[in-house]
Ligand SMILES: Cc1ncc(COP(=O)(O)O)c(C=O)c1O
């Protein structure tokens, strides 16, 4: 299948980093543009009459896609905003603990360090077993770090520096048994995994739609379980709804956050339509087999073992492979400058890794170009002193 035709990607680039920034396909770009035209040609009519019904319809569509009731969702610009809202709203006191794993996104650590620091609470980190073996072992390790002071567990659905799918449902269940709240950092999970929020049983879920769902940049959502909704504080206070009207629930605070371009959010259904027209199964089959191929070939090249088993339960469309010891730069920049390959090299936990993202527009020939490029650059690196 020629899925590349649906994207307008720069022909000089081998783009293997959908996981950081996922370019939207052409139908999604068109949908965003149409919404922008509607705004630009009659702003009063758009903001006062068209925006709210459109916002509610888009939310209904997204809610079906992520398995919850629309009333539990609000739109945010990205997962970062969602996580900040949780951190600003979740009640912590001096002595409380918020537990993260050592695979969390750096900005998320900063968000919780600040929130904890403001009230004298503490951000704790649990180191997950390496290599990963079973979901049960991972859950046990997380829960073994819980203390009577733990109020919240913040974990990724799919981790950023290591591309591991964590057993979030089991963690949520174990946390609930102990009366601990859970916040799932989920920007990578949409489309890679079935995200079924009500069944997942978390307290909060933050996501970006501009990663694997390929919605326009600047689209994300926050899910809050009903019990937490009255405590959610909008980061910027505006009218909430326009024209100003009585606010009836938490989400009403987020419909109108000041004058801005809402086109990206309103184009989310186009992204859902696009991926559903191809089929989630088809996406996953293509993306996983390519990621698996990349993983196998890279391991042959380096002779090193990945940190997770070769099993779709642990990864879908991102291959994560260790590289010989060294630093991220200049390797990542040289892959781009010398070979036009855009791919992240990650320093994590004292090691160096490469993360290959595989979307529909990626193909085996691109991975085949990565291999000799990497071999050449690694070969030129000075050998570490022994
Ligand atoms: C696990 C994880 N959390 C949060 C983020 C932040 O996402 P955004 O920049 O869309 O807010 C990322 C981005 O890569 C991520 O991988």
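What follows is calculated from the coordinates using simple rules that are stated; it is not laboratory data. Values in this document were obtained by computation on a predicted structure and should not be read as measured data. Every residue, glycine among them, receives a Cβ derived from its backbone with ideal geometry; neighbour counts consider all protein chains shown.
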Check on residue 57, away from the ligand (no atom under 16 Å from the Cβ) and touching a helix residue (DSSP H, G or I) at 6+ places or on another chain (Cβ under 6 Å): no
Could you please let me know if residue 85 is in contact with a strand residue (DSSP E or B) (Cβ under 9 Å, 6 or more places away or on another chain), in contact (Cβ under 8 Å) with a residue 40 or more places away in the chain and over 18 Å from residue 182 (Cα atoms)? no
What are the residues in region 233-291 that are surrounded by fewer than 18 Cβ atoms within 10 Å (Cβ to Cβ) and in contact with a strand residue (DSSP E or B) (Cβ under 8 Å, 6 or more places away or on another chain), if any? 234, 238, 239, 242, 247, 252
Given the structure, is residue 146 farther than 12 Å from residue 201 by Cβ and surrounded by 17 or more Cβ atoms within 10 Å (Cβ to Cβ)? yes
Given (1) near the ligand (Cβ under 10 Å from one of its atoms); (2) touching a helix residue (DSSP H, G or I) at 6+ places or on another chain (Cβ under 6 Å), index of the condition residue 213 fails: (1)
